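Colleague: Below you will find the structure I want to go over with you.
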Amino acid sequence: MAPYKPPIPAGTTPGSDEFHEALEKDAKLAWEWFEFYEKNPKDFLRECVKIIDKNGELVPLDIDNPKYVRAQNYFFNIYMRNYFSTGRFRAVVLKARQWGCTTVTKGIELHAMVFSAYHRALCVADDNDGAEGILEILRDMYDNLPRWIKPATKFDRNNRIRFEGWPDDSPLHKTLEGKSHQNKSWMRVETAANAKAGRKWSIRSFSGSEVAFWPKHAAKVLGGISQALAKTAGSIGVLESTGNGWGGEFYERCERSRKGESPWEFVFIPWYWIDEYRLTAQSKMELDYLKVSFAMFCRQVKKGEYDAAQLSRRERSFAADHGCDGAQILWWRYTLDDSCNGDEILMGQEYPAVPQDAFIVDGYAAFDPVALMRQMEDVTDGALFDLSRDEDELRTLIYKRDIKAFDLAENRRGRIHVWEHPVEGHEYIVAVDPSEGAESYVEESQAGDNTAIIVGDRTTGEVVARVAGRIVPDQTALLAMALAYRYNMAVLAPENNAGFGTAIIEMGKDYAYPHFFLDRVTDNVMKTTTYKMGWNTNNKTRHEMFTTARADIRKGLWKIRDSMLLREMLSMVFKHKEGGFVKIEPTGGSKDDVCLAFVIMSRVNHLLGEMEKNEEKKDARKPLDKKNMLYGEWQRLRELEDRPRRYSPW
């Protein structure tokens, strides 16, 4: 049965100026329409809310606008289904550009603010320009509301709008029953640069704009806001963004939502859902892309009779897999050259056809994306383990070098992800990128790093185990040493230049671990060579590390089944820095700790291989454990074996 719709004033149509003028004069009818609009948000947006469109014209916010009907209706229907069934709306929106997601979201929040008492809304943008743009959208909507339904504003600060109910001359000020409707709702707009955004209030609506471009502490911001956002009926939460590389908080939330692991619903809007994205005019500029007439091109695309040379591989996919017509393919081709300078990666990020397109890195990828995506096909979660011994027992085992006693216990919340257990006769490397193990902030803009441990099998070329998380240095030392003993007395290579690897190095010295990687330090002035325990990362070695790792990935020398490692590698790009130099860094707020541990492991493996080749040329019979140039002063450690060892906790 169709919902009740109040009478329409004679000689008017809903949404017209005459319609709203008539309601100003009839308090009873105005209240009936108020109650109708409260239960029918789409009618409210179409008939009461106006926005400035791309042509600078004032137009109704019509969800059924033919240009955007498929995208906007899809998003709005999800909102209606969730909001009116569960009373709550939670969505993570991965989108193509310019179909009105932010505008529709502001319209939904405006509806909640007008029709609810004390509805507090918070919007967080990626930067100041984004915040100003969102405030402009909201102000345009408010300024153009019909007078009879337009709440009064007590104050409108630079970043907040507050409603104080309706003025005395409004037909809604008092109902026929004598009730007053003073809603006292407000919306505040902030930027993600503020790590404490939203923590001070209890809010009923939250929207995050361009979340993929938020600073590194995005997880901290969203964690605080999530606690402030009401869980009761009537609450709204929307995170929306275009993609910005693999990894980062937005990517992680998209993945969890897509897999059904989060109460936030995943919403993807591809570019071809937007009817505006097509070229139909037959200008010379457009026809330069075609070898036949525009009409003939469209017919060939529709029937699938095009020459393979006419369409690129991706364009053929649009036609075959997504049903795109000639006008849409021509728009994509023209926009690729006009707006993205022929960069298909950037085009996919701004106008994705599938979710994976949006997360391919922007900029020049450090690692071969094709090679990494092939590895993605074999990704598995790995079994979760933790150390089966307490700290004192571990120290005793390390002292005794009881390799077989370093067993692991299955734990679904364990820190150690294991893909392969140690195999007798195989050689392993344990590489460590240590951290302080806690969050830190520099002007509230830098989140603390993770500690990362990677175990690589030199014999098979596989990443067999990984640890990642905020782990304090002394615990990192225990984990690294235990894994090194467990994996056949592996070569242990902790990064030593940050200072956090000191605990591992000191433990290695105290317990005379025989397979420590020694970094060769040459003094060109004094003509001397010394060795330092652990791996030192500097401008020179960082370049060597990444050069080796990039070549290994391109050649397929390492098998990786760890999705976290692959995502971090996919997010690494070359970035131009001040002074004209280029540095490899993550994009999209991603972390790089696991990737750096892998890169250290790859370089150490390369150096060990070179050393073994050189040693084989000198003496093919020399045993492996005496090759002390890079991973152990074997003779010194053998002498230490002869002295009484003592349990030496730090």
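Colleague: Is it true that K575 is out of contact with any strand residue (DSSP E or B) (no Cβ under 6 Å at 6 or more places or on another chain) and either surrounded by fewer than 16 Cβ atoms within 10 Å (Cβ to Cβ) or not assigned by TED's automatic domain parsing to the domain that holds R466 (or both)?
Modeller: Judged against the criteria, K575 is not a match.
Colleague: Can you tell me which condition A71 does not meet? The list is (1) hydrophobic (A, V, I, L, M, F, W, C); (2) modelled with pLDDT of 85 or more; (3) surrounded by fewer than 16 Cβ atoms within 10 Å (Cβ to Cβ), and all the others hold.
Modeller: So A71 meets the others, but not (3).
Colleague: Something else now. For the range 502-523, which residues satisfy the criterion of being surrounded by fewer than 18 Cβ atoms within 10 Å (Cβ to Cβ) and more than 19 Å from T396 (Cα to Cα)?
Modeller: Of everything in the range 502-523, those that are surrounded by fewer than 18 Cβ atoms within 10 Å (Cβ to Cβ) and more than 19 Å from T396 (Cα to Cα) turn out to be T502, R520, V521, T522, D523.
Colleague: For the range 524-552, which residues satisfy the criterion of being β-branched (V, I, T) and loosely packed, with under 13 Cβ neighbours inside 10 Å?
Modeller: Once the filter is applied, which keeps residues that are β-branched (V, I, T) and loosely packed, with under 13 Cβ neighbours inside 10 Å, the range 524-552 yields V525, T528, T529, T530.
Colleague: Only one residue in Y487, Y513 is under 21 Å from R415 (Cα atoms), assigned by TED's automatic domain parsing to the domain that holds R542 and of a type in the set (F, W, Y). Which one?
Modeller: Numbers: Y513 fails: under 21 Å from R415 (Cα atoms).
Sole residue among the options that is under 21 Å from R415 (Cα atoms), assigned by TED's automatic domain parsing to the domain that holds R542 and of a type in the set (F, W, Y): Y487.
Colleague: Moving on to the next point. Among the listed residues G234, G208, G248, which satisfies the condition of being of a type outside the set (D, E, K, R) and under 11 Å from the mean Cα position of the chain (by Cα)?
Modeller: Unique residue meeting the criteria: G248.
Colleague: Looking at (1) modelled with pLDDT of 80 or more; (2) under 19 Å from the mean Cα position of the chain (by Cα), find the lone condition where F385 falls short.
Modeller: Status for F385: all satisfied but (2).
Colleague: Let me ask something else. Taking the range 1-22 as the region of interest, how many residues are assigned to a helix (DSSP H, G or I) and farther than 21 Å from M113 by Cα?
Modeller: 5
Colleague: Filter the range 530-549 for residues that are farther than 17 Å from G609 by Cα and either charged (D, E, K, R) or without any contact (Cβ under 8 Å) to a residue 40 or more places away in the chain (or both) and give the result.
Modeller: Matches in the range 530-549: T530, K532, M533, N539, K540, R542, H543.
Colleague: Oh, and also: Applying the selection to the range 111-135, what residues are in a helix (DSSP H, G or I) and touching a strand residue (DSSP E or B) at 6+ places or on another chain (Cβ under 8 Å)? Outline the logic, then answer.
Modeller: Initially, the range 111-135 is screened for residues in a helix (DSSP H, G or I), giving 111-115, 128-135.
Once the filter is applied, which keeps residues that are in a helix (DSSP H, G or I) and touching a strand residue (DSSP E or B) at 6+ places or on another chain (Cβ under 8 Å), the range 111-135 yields A112, M113, V114, N128, G130, A131, G133, I134, L135.
Colleague: Could you tell me which of the residues F76, F44, F36 is hydrophobic (A, V, I, L, M, F, W, C) and either farther than 22 Å from N183 by Cα or not in a helix (DSSP H, G or I) (or both)?
Modeller: After ruling out the rest, the residue left standing is F76.
Colleague: Another question, if that's okay. If you go through the range 54-65 one residue at a time, do you hit one that is buried (at least 19 other Cβ atoms within 10 Å of the Cβ), in contact with a strand residue (DSSP E or B) (Cβ under 7 Å, 6 or more places away or on another chain), at pLDDT below 90 and under 25 Å from P263 (Cβ atoms)?
Modeller: Among the residues of the range 54-65, not one is buried (at least 19 other Cβ atoms within 10 Å of the Cβ), in contact with a strand residue (DSSP E or B) (Cβ under 7 Å, 6 or more places away or on another chain), at pLDDT below 90 and under 25 Å from P263 (Cβ atoms), which makes the answer no.
Colleague: Hey, can you tell me all the residues within the range 348-385 that are of a type in the set (V, I, T) and either surrounded by 20 or more Cβ atoms within 10 Å (Cβ to Cβ) or in a loop (DSSP other than H, G, I, E, B) (or both)?
Modeller: Going residue by residue through the range 348-385, those that are of a type in the set (V, I, T) are 354, 360-361, 370, 379-380.
Across the range 348-385, the qualifying residues are V354, I360, V361, V379, T380.
Colleague: Same structure, new question: Take the range 541-561 and flag every residue that is in contact with a strand residue (DSSP E or B) (Cβ under 9 Å, 6 or more places away or on another chain) and within 10 Å of F598 (Cβ to Cβ).
Modeller: Passing the criteria: M545, W558, I560.
Colleague: Of everything in the range 507-560, what is over 37 Å from the mean Cα position of the chain (by Cα) and of a type in the set (D, E, K, R)? Give them in sequence order.
Modeller: K509, D510, R520, D523, K527, K532
Colleague: Quick check on my filter: what residues within the range 11-24 are touching a Pro at 6+ places or on another chain (Cβ under 8 Å) and not small (G, A, S)?
Modeller: E18, F19, H20, L23, E24
Colleague: What are the residues in the range 341-381 that are more than 21 Å from the chain's Cα centre (by Cα) and at pLDDT below 85, if any?
Modeller: N341, G342, D343
Colleague: Can you give me the number of residues within the range 404-421 that are within 28 Å of the chain's Cα centre (by Cα) and part of a loop (DSSP other than H, G, I, E, B)?
Modeller: The number of residues fulfilling the criteria is 6.
Colleague: A follow-up question, please. Inspect the range 464-472 for any residue being more than 21 Å from V599 (Cβ to Cβ) and touching a residue at least 24 places away in the same chain (Cβ under 8 Å) and give the result as yes or no.
Modeller: yes
Colleague: If you don't mind, there's one more thing I want to ask. Condition first: in contact with a strand residue (DSSP E or B) (Cβ under 6 Å, 6 or more places away or on another chain) and either surrounded by fewer than 16 Cβ atoms within 10 Å (Cβ to Cβ) or modelled with pLDDT of 85 or more (or both). Can you find one or more residues in the range 272-279 that meet it?
Modeller: So far as the range 272-279 goes, no, none of its residues is in contact with a strand residue (DSSP E or B) (Cβ under 6 Å, 6 or more places away or on another chain) and either surrounded by fewer than 16 Cβ atoms within 10 Å (Cβ to Cβ) or modelled with pLDDT of 85 or more (or both).
Colleague: If you go through the range 254-268, how many residues are surrounded by fewer than 23 Cβ atoms within 10 Å (Cβ to Cβ) and either touching a strand residue (DSSP E or B) at 6+ places or on another chain (Cβ under 7 Å) or among the aliphatic types (A, V, I, L, M) (or both)?
Modeller: Within the range 254-268, residues that are surrounded by fewer than 23 Cβ atoms within 10 Å (Cβ to Cβ) and either touching a strand residue (DSSP E or B) at 6+ places or on another chain (Cβ under 7 Å) or among the aliphatic types (A, V, I, L, M) (or both) number 8.
The values are calculated or read from the model by the stated rules, or taken from the named source; none is laboratory data. These figures come from a predicted structure and were not determined experimentally. Backbone-built Cβ (ideal geometry, glycine too); neighbour counts: all protein chains shown.
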